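*Asks:* Before I ask anything, let me first share the structure, which is written out below as C-alpha cells.
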Amino acid sequence: MRVILAIWAAKILVIIGKLVGKKGSSTPGSVALKICPDMLRILAKKVPEIAVICGTNGKTTTNNLLCAIMQASGRRVICNHIGANMLAGVACAFAVNADIFGRIHADFAAIEVDEFSAVKVFEHFKPNFMIITNLFRDQLDRYGEIDIAISRLQQAIDMAPNCKLVLNADDPLVAAFACDNSLEVHYFGVGERVFEDDAEDTGERVTDGLFCRKCGEKLKYEYIHYNQLGRFFCTKCGFCRPHADTEAQNVELRAEGGLAFDVWGARIDVNYRGFYNIYNILAAMSVASLSGATDVVQPPSEHTQDADSSKINLAPVTRALADYQPQIGRMQMYKIGGKEFIFNLSKNPAGFNQAIKTIGNDPESAVIIAINDNEQDGIDISWIWDVDFELLNAARVFACGTRRDDLRVRLKYAETAAVTMCATVRDALEAARRGGEARVYVLVNYTALFPTEKLLNEMARRRRNP
C-alpha cells in the first residue's frame, strides 16, 4: 500500500508541476521516497534490464538515444528523459512509469545517473549495463577534482558485481576502469585521426587525465580529438587506448551540419551537429547490441571492423537516429525569421570547446554566451579561463548572464573581436535576430537553460504568428 501511495503522490505532483510550468522531477521523487523508502528498489526489480549512463558530458543525449533505439526495436522502456539524474529524479522516472496499482509494464530502463549519485542509486538497484561517457572537470566548487568522481564511480561499480561496463576507449580516465575491475568490459571510440590539428601530440594540450592512472607516468598521444580523448599510450607500463568493440571509422563532419561514419561495416549518416555526438551514438549502440535488441547484432569484438556487413541489420538504429529529437539545449535548432538559432548547453570547458570547434566551421555566425553563477551552475567560474575562446571564429559575440563582466574580461584576453554586452538573454537574442548572420549559436550554462528555451519558443511562435 505504501508503494502505491508513493506512486500516486509522484504522479499527482508531476501533473501539478506541469500545470505551473515546472520541468523538473526531483520533488515528486523525493516525496515518493519519503512515503515509501523502498519504492525504487521494489519497482526496479520488475524491470528485466537496466542500463545506467554516467559521465561528465553526453549523459542525457546518450540516454535518450539508447531509449529511442530500444523502442525502435520493440522494447518498452523507462527513461528519465530530461536529465533528472539524482536519486529523486531516478525514483520519479520509475514511479510515473508504474500504473496506479504499482505494476511496471517495461522490459528495459535507460537511466541517466549523476556520478556523485551513483552510489545512492545503486543501493536501490544494480544495473545490468553501465556506460561511462567521459570524465572532465565540472563545477569544481561542488564536485572537486576528477579524482573524486573516479573514486565515487569505482564505489558504485563495486556495488554491481554482475554489471557489464561500456567504456569510452579514447578517454584514458574512463578506459582505466577496466584495469581496476574484473567485470565484462566493452569499449566504444573513434578509431582514426579526424581533425587537421589532431597531428601527433605529446599531450601538451591535455589538462585533464594527463597522467597514467596505472603508474602515474605522463601519457603520450598519437593524436588528440579534444581534451584528453584520443589515441593515448604510456611508455612506462604499457597502458594504452584499447581496441574498441564499437568503433567509428571514415568520419565525415559537414560544414553545413550533419555527420557520418562507418561502424560494424555499415554507414551511419545523421543530421546532428558536433563531433562529440559520435561518441553518444556509439555508446547507445553498444548497449543496444549487448542487450540483444531485435536486429541489433554486434559482431565479435576481435573482428568488429572486418565483420560481414550482410549479417548486421541496423534498421532500429537508423530509424531511431532519423526520428530522434534532441532534448533541451543539445544543439537544438530553431527557425526564427528565416534565421537558424542553434541552442546548446555548455557547462564546462570540454563542452564549450566542442561547441567552439563546431562554430569554427561556421565563421559567418553570431554567438550568444550566457554565464550564470547560481548554485546549480557552480559559484566558481574560474573554469572559463580553460575554455579555448581564442579559437572562437564568429562574426559577433554577445555576452550576457550574471557573470557577463567576467566573461567580457576573458574574451578581451582572447582578443575576441566585436563583443556586445547585453543585460539579459532576451536583449542578446533580439540583437542577434536583427543581425545579418545566417546562424546564431546560443551557448548557456545550467540556470540559463530553461529561461532561454522559453524565450526561443516565444520568438519562434511570434515569427510564425505575427
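The values are calculated or read from the model by the stated rules, or taken from the named source; none is laboratory data. Computed from a predicted model, the values in this text were never measured in an experiment. Ideal geometry is used to build each Cβ from the backbone, glycine not excepted, and the neighbour counts take in all protein chains shown.
*Asks:* Considering the stretch 41-50 alone, what residues qualify as being part of a loop (DSSP other than H, G, I, E, B) and either under 15 Å from the mean Cα position of the chain (by Cα) or of a type in the set (A, V, I, L, M, F, W, C) (or both)?
*Replies:* 47
*Asks:* Hey, residue 337 hits all of (1) farther than 25 Å from residue 60 by Cα; (2) surrounded by 17 or more Cβ atoms within 10 Å (Cβ to Cβ) but one; which does it fall short on?
*Replies:* (2)
*Asks:* Tally the residues that are closer than 16 Å to residue 274 by Cβ and in contact with a strand residue (DSSP E or B) (Cβ under 7 Å, 6 or more places away or on another chain), restricting the search to the stretch 65-86.
*Replies:* So the answer is 0.
*Asks:* To continue, here is another question. All but one of (1) touching a residue at least 60 places away in the same chain (Cβ under 8 Å); (2) farther than 26 Å from residue 175 by Cβ hold for residue 114; state the number of the condition that does not hold.
*Replies:* (2)
*Asks:* Is there any pair with a first residue in the stretch 48-74 that is without any contact (Cβ under 8 Å) to a residue 60 or more places away in the chain and a second that is surrounded by fewer than 24 Cβ atoms within 10 Å (Cβ to Cβ) whose Cβ atoms are under 6 Å apart and which are 6 or more apart or on different chains, and what are they?
*Replies:* From residues that are without any contact (Cβ under 8 Å) to a residue 60 or more places away in the chain, the pairs are 67/77; 67/79.
*Asks:* Just to be sure, is residue 265 without any contact (Cβ under 8 Å) to a residue 24 or more places away in the chain and either of a type outside the set (A, V, I, L, M, F, W, C) or within 25 Å of residue 165 (Cα to Cα) (or both)? Give the steps one after another, and end with the answer.
*Replies:* Details: without any contact (Cβ under 8 Å) to a residue 24 or more places away in the chain: no; either of a type outside the set (A, V, I, L, M, F, W, C) or within 25 Å of residue 165 (Cα to Cα) (or both): yes.
No.
*Asks:* Quick test for you: out of 437, 453, 415, pick the one residue that is loosely packed, with under 15 Cβ neighbours inside 10 Å and of a type outside the set (A, V, I, L, M, F, W, C).
*Replies:* One residue alone meets the criteria, 415.
Table: residues versus (1) under 20 Å from the mean Cα position of the chain (by Cα); (2) closer than 29 Å to residue 386 by Cβ; (3) touching a residue at least 60 places away in the same chain (Cβ under 8 Å).
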site: 224; (1), (2), (3): yes, yes, no
site: 229; (1), (2), (3): yes, yes, yes
site: 244; (1), (2), (3): yes, yes, yes
site: 249; (1), (2), (3): no, no, no
site: 254; (1), (2), (3): no, yes, no
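*Asks:* If residue 183 passes every condition in (1) of a type outside the set (S, T, N, Q); (2) crowded, with 22+ Cβ neighbours inside 10 Å; (3) out of contact with any helix residue (DSSP H, G or I) (no Cβ under 6 Å at 6 or more places or on another chain) but one, which one does it miss?
*Replies:* (2)
*Asks:* Kindly indicate whether residue 136 is at pLDDT below 95, crowded, with 21+ Cβ neighbours inside 10 Å, assigned to a loop (DSSP other than H, G, I, E, B) and in the same structural domain as residue 263 (by TED's automatic domain parsing).
*Replies:* Judged against the criteria, residue 136 is a match.
*Asks:* Is it true that residue 395 is more than 24 Å from residue 207 (Cβ to Cβ) and small (Gly, Ala, Ser)?
*Replies:* yes
*Asks:* Counting just the residues of the stretch 51-104 that are of a type in the set (D, E, K, R) and not in a helix (DSSP H, G or I), which one comes out nearest to residue 10 (Cα to Cα)?
*Replies:* Ranking the qualifying residues of the stretch 51-104, first place goes to 99.
For every residue, the table says whether it meets (1) of a type in the set (Lys, Arg); (2) in a helix (DSSP H, G or I).
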site: 9; (1), (2): no, yes
site: 22; (1), (2): yes, no
site: 31; (1), (2): no, yes
site: 37; (1), (2): no, no
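*Asks:* Find the residue count for the stretch 51-82, including only residues that are under 30 Å from residue 228 (Cα atoms) and surrounded by 21 or more Cβ atoms within 10 Å (Cβ to Cβ).
*Replies:* Within the stretch 51-82, the subset under 30 Å from residue 228 (Cα atoms) is 51-69, 79-82.
Now restrict to residues that are surrounded by 21 or more Cβ atoms within 10 Å (Cβ to Cβ): 51-69, 79-80.
Qualifying residue count for the region: 21.
*Asks:* Would you point out which residue out of 148, 157, 100 is touching a Phe, Trp or Tyr at 6+ places or on another chain (Cβ under 9 Å), surrounded by 17 or more Cβ atoms within 10 Å (Cβ to Cβ) and of a type outside the set (Gly, Ala, Ser)?
*Replies:* Every option except 157 fails the conditions.
*Asks:* Continuing with this model, one more query. Working only within the stretch 364-401, note down all residues that are of a type in the set (Val, Ile, Thr) and surrounded by 16 or more Cβ atoms within 10 Å (Cβ to Cβ).
*Replies:* Hits for the stretch 364-401 are 367, 368, 369, 371, 381, 384, 387, 397.
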